[in-house]
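The values are calculated or read from the model by the stated rules, or taken from the named source; none is laboratory data. Values in this document were obtained by computation on a predicted structure and should not be read as measured data. Note that we place each Cβ from the backbone using ideal geometry, even for glycine, and neighbour counts take in every protein chain shown. These accessible areas exclude ligands, DNA and RNA; they are computed on the full protein's heavy atoms, side chains included. Shrake-Rupley method; radii C 1.70, N 1.55, O 1.52, S 1.80 Å.
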Amino acid sequence: MDISQDFQAPFFAMSRLLSFPWTFVEKDLESNKSSELISDILKQTCLHSLCRKFPPSAKYRKLFLSQLIKRQEAAGCDPLDELYDALAEVVGAEDTSECYKSYLLPGGDSVSLRESVALISDGTTGLVTWEAALFLTEWALEHRQAFSGRTVLELGSGVGLTGITICRSCSPKRFVFSDCHPRVLQTLEDNVRLNAVTQREPPPVTVQELDWSTATEEQVARIEADTVIAADVVYDPEVAESLVKLLNTILSCSSPDIYICSTVRNPETYSGFKTQLQKAGISHRVMTGAVSHVFPYSRGSAIEMIQLYRGL
């Protein structure tokens, strides 16, 4: 029984625990009174080779395994030794400030990232993967032609999910990851190396510091980007102002395709970003159409993706 796509929750963030198909598990256990399903879930989650090599947080694994035991006992199934052994293994594990999260890609590939357990760490939100990055990654997998054979610059790469996936799946000519926070840059470099992206030819890959408020036209021009992407970078008015300044510099050097994906948490901030774009002579169009659901994450938030271009 192949249940890997339905039961990949332990590879993701704590918030995904509720999205696990517990109702299906309960109904199967009640009707069959067998621990076979639990054994299959264990093999494809906590005991999976990917999870063993890149373990999620100990806290998350404890909660997940406890939920499995709760369902098994409620259904009156025979105890499963490997389930209790797995729980015993993580009960003594020390909670850390970082953990691994693995994202399963179509075709059986995966991206494993070292991320922060906390949403905000070292004064930055760049050490976790946010919803807009997941959406942009899904969009890239459906629009590979936007990256194939092109030099791609990613602004605010964070921990690297979108860029690493594009390097793995979309055949860019060259990929430039960028960020400006020292801790984020170090984690980003580690994740790029962890996923052996630099060992794959093509594309040539670089990770570089790019401060939006001080980036020069010469610095931007050297990249020679054909495509520019960014996700979840419009969250603060001051940051948005620096971003618009950088985008204006980029469009002064060349005419790349620019895609910005945002979770609209504060409509006023997002509207202010668009107003600043207009004042800078930068037009935009909203990218419509749904994307295939590759990753399990909340779809309740408003996510908008726009393409930018120099206004006439």
Task: Estimated distance in nm for a label pair at LEU47 and LYS245, the labels positioned 7 Å out from Cα along Cα-to-Cβ - done: 5.6
Open item on the list: Compute the angle between helix 182-194 and the longest alpha-carbon principal axis of the chain, please, reported from 0 to 90 degrees and rounded to the nearest 10.
Closed with: 60
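Report, to one decimal in Å, the Kirkwood hydrodynamic radius for segment 79-238 based on all distinct Cα pairs. Don't jump to the answer; show the numbers that get you there.
Details: mean 1/r = 0.0593 Å⁻¹.
Kirkwood radius, segment 79-238: 16.9 Å.
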Task: Where labels lie 7 Å past Cα in the beta-carbon direction, separation of ASP81 and ASP190 in nm - done: 3.7
Task: Debye intensity ratio I(q)/I(0), log10, segment 63-108, q values 0.13 Å⁻¹ (C-alpha model) - done: -0.46
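Tell me, what is the percent relative contact order of segment 185-312, built from C-alpha pairs under 8 Å that lie six or more residues apart? Don't jump to the answer; show the numbers that get you there.
Values: 144 pairs, mean separation 31.5, N = 128.
Reported as a whole number, the value is 25 percent.
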Task: Residue-wise HN-Hα coupling along segment 262-274, computed from phi with Karplus coefficients 6.51, -1.76, 1.60 (Hz; x: Gly, Pro) - done: 9, 8, 7, 7, 10, x, 5, 5, 5, 5, x, 4, 5
Open item on the list: Can you compute the modelled spin-label distance between THR124 and SER34, with each label point 7 Å from Cα toward Cβ, in nm?
Closed with: 5.0
Task: For the chain, radius of gyration divided by Kirkwood radius, i.e. Rg to Rh on alpha-carbons - done: 1.02
Task: Förster radius 41 Å - calculated FRET efficiency between MET287 and THR23, Cβ distance, rounded to 0.05 - done: 0.75
- [ ] With a probe of 1.4 Å, find how much accessible area segment 206-312 has per residue, and write the answer as a whole number in Å².
- [x] 51
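Given a 1.4 Å probe and every protein chain left where it sits, what share in percent of the accessible area of the chain is carbon and sulfur?
Working: 7050 of 14570 Å².
The nonpolar share, carbon plus sulfur, comes to 48 percent.
Once the convex hull of the alpha carbons of segment 151-235 is built, what does its volume come to per residue, in cubic angstrom? Intermediate results must be reported in sequence, preceding the final value.
Details: hull volume 7.5 nm³, N = 85.
Expressed per residue, the convex hull around the Cα atoms of segment 151-235 is 89 Å³.
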Task: Quotient of C-alpha Rg and 2.2 N^0.38 Å, computed over segment 200-312 - done: 1.13
- [ ] Could you count how many Lys pairs in the chain have their Cα atoms under 18 Å apart, skipping same-chain pairs fewer than 8 positions apart?
- [x] 13
Open item on the list: Test of understanding: what is the full-extension gain from GLN145 to GLU224, defined as 0.36 nm times their sequence separation minus their Cα-Cα distance?
Closed with: 26.6 nm
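Compute the FRET efficiency between GLU268 and GLU89 as 1/(1 + (r/R0)^6), taking r as their Cβ-Cβ distance and R0 = 45 Å, and round to the nearest 0.05. List each step's numbers first, then the result.
Working: r = 48 Å, r/R0 = 1.06.
With a Förster radius of 45 Å, E is 0.40.
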Open item on the list: To test your reading of the geometry: what angle, between 0 and 90 degrees and rounded to tens, separates the Cα axis of helix 22-32 from the longest principal axis of the chain?
Closed with: 30
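Over the chain, what is the relative contact order in percent, taking alpha-carbon pairs closer than 8 angstrom and at least six residues apart?
Numbers: 533 pairs, mean separation 43.2, N = 312.
Computed over the chain, the figure is 14 percent.
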Task: Ratio of Rg to Rh over segment 250-290 (Cα coordinates, Kirkwood Rh, two decimals) - done: 0.99
- [ ] Sorted from largest down, give the three principal axis spans of the alpha carbons of segment 188-259, whole angstrom values.
- [x] 36, 26, 21
